[in-house]
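Heads up: the structure comes next, in structure tokens.
The values are calculated or read from the model by the stated rules, or taken from the named source; none is laboratory data. Bear in mind the structure is a predicted one, so any value in this text is a computation, not a measurement. Please note: Cβ atoms are built from the backbone with ideal geometry, for glycine as well, and neighbour counts cover all protein chains shown. Each accessible area value is taken on the protein alone, full model and side chains, heavy atoms only, with ligands, DNA and RNA left out. Shrake-Rupley method; radii C 1.70, N 1.55, O 1.52, S 1.80 Å.
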Amino acid sequence: MPLMQPPVALASCERSLRQLLTHVLNAKFGASWIHQVFDAETVTKLSEKRTEEEKRRTKRGAATVPSNLIEYTEFTQLTRLIDRYWELFKEAMGEKKEISVLLARFGALRNAVAHSRELLPFEEELLSAIAGEIRNRVTIHMSGKDPADNYFPRIELVRDSLGNSSETAMTVQPHMLAVQTATTLRPGDVVTFTCRAVDPQNRTLTWFLQTPEGRRYSNHEGGDVEITWEVRKQDVHTRADALVMLASDGEYHRFGATGFDASVSFRYEVLPPLP
């Protein structure tokens, strides 16, 4: 079985590329970099995609969507940007010939998955391996920008089953994020958190969930996990925070004696049961 199932491999690779593109191109062109690398027609189409996503996912105020237009690009648009601005990316990506072959192969396999065609076992393994290689290169490059990231793990994504995501979170401090949702819950509701993280030291990662009432539990290990929270009456609070935390099994941690390396909190309104 591959380390990452195809949907996870796709999301992981594309997320890493978008993170790298945002970091590198923002440094080169400034905050409006998206308007520098795409023509006006493309920017308009990306904006329309974001608007449609907002209408679809926030119809009932249940979720927010990423504001960065790079999140609405296709895989081929990402690879074309890397090719066009290769001099900016070669430090992170390595040999151009090698990375071009990897991205081309990944793109072909990606199309099969996107069109619901089953992959052969060796193709699943290859997809997972390429996604891991790309993610590792980006992680190593980003770690060089912040020495702490060369040792401590980082959260790539935490998204709840209602569509709220760390992609739209406020940064309380580096690697400590807060998501202000517009979601109302009641006892008996079930929320599932999809979590992804990477560790430059390749250590065992453990995830913890602290519920609004203060319960803390975990039996989730790995870079890609799902955590389920069943809302209880003790969680009723107009500012109910569910805190997802990450820790490696290393001796030291980013937040010292707390024992954690990164976290994302989700704030909900939890009301009493309906009469």
Of the residues E98, E54, which single one is open to solvent by 20 Å² or more (accessible area, probe 1.4 Å), modelled with pLDDT of 85 or more, part of a helix (DSSP H, G or I) and of a type in the set (D, E)?
E98
When you scan the range 183-266 for strands (runs of 3 or more DSSP E) that lie fully inside it, which ones turn up with 3 or more residues that are in contact (Cβ under 8 Å) with a residue 60 or more places away in the chain?
190-198, 237-248
Inside the range 130-177, can you point out the residues that are more than 14 Å from V198 (Cβ to Cβ) and touching a helix residue (DSSP H, G or I) at 6+ places or on another chain (Cβ under 9 Å)?
I130, G144, K145, R159, G163, E167, P174, L177
Report whether or not L127 is at negative phi and not in a helix (DSSP H, G or I).
no
Within the range 93-135, restricting attention to residues that are of a type in the set (S, T, N, Q) and free of Cβ contacts under 8 Å to residues at least 40 places away in the same chain, which residue is farthest from V24 (Cα to Cα)?
S116
Answer yes or no: is there a residue in the range 203-210 that is under 30 Å from R137 (Cβ atoms) and in contact with a Lys or Arg (Cβ under 7 Å, 6 or more places away or on another chain).
yes
Output the residue which, of all residues in the range 192-227 that are over 18 Å from the mean Cα position of the chain (by Cα) and closer than 19 Å to Q180 by Cβ, is least open to solvent (accessible area, probe 1.4 Å).
T211
Only one of P153, P212 is out of contact with any His (no Cβ under 6 Å at 6 or more places or on another chain) and at pLDDT 90 or above; which?
P153
Looking at this structure, is R154 under 18 Å from the mean Cα position of the chain (by Cα) and either surrounded by fewer than 13 Cβ atoms within 10 Å (Cβ to Cβ) or in contact (Cβ under 8 Å) with a residue 24 or more places away in the chain (or both)?
yes
Among residues belonging to the range 157-186 that are open to solvent by 70 Å² or more (accessible area, probe 1.4 Å) and among the hydrophobic types (A, V, I, L, M, F, W, C), point out the one that is farthest from P272 (Cα to Cα).
V172
In the range 240-266, how many residues are charged (D, E, K, R), within 23 Å of the chain's Cα centre (by Cα) and either under 14 Å from V190 (Cα atoms) or open to solvent by 50 Å² or more (accessible area, probe 1.4 Å) (or both)?
2
Among the residues of the range 228-239, is there at least one that is within 30 Å of I140 (Cα to Cα) and within 23 Å of the chain's Cα centre (by Cα)?
no
With (1) part of a loop (DSSP other than H, G, I, E, B); (2) farther than 16 Å from F266 by Cα; (3) within 19 Å of the chain's Cα centre (by Cα) as the list, and D149 as the residue in question, which single condition is left unmet?
(1)
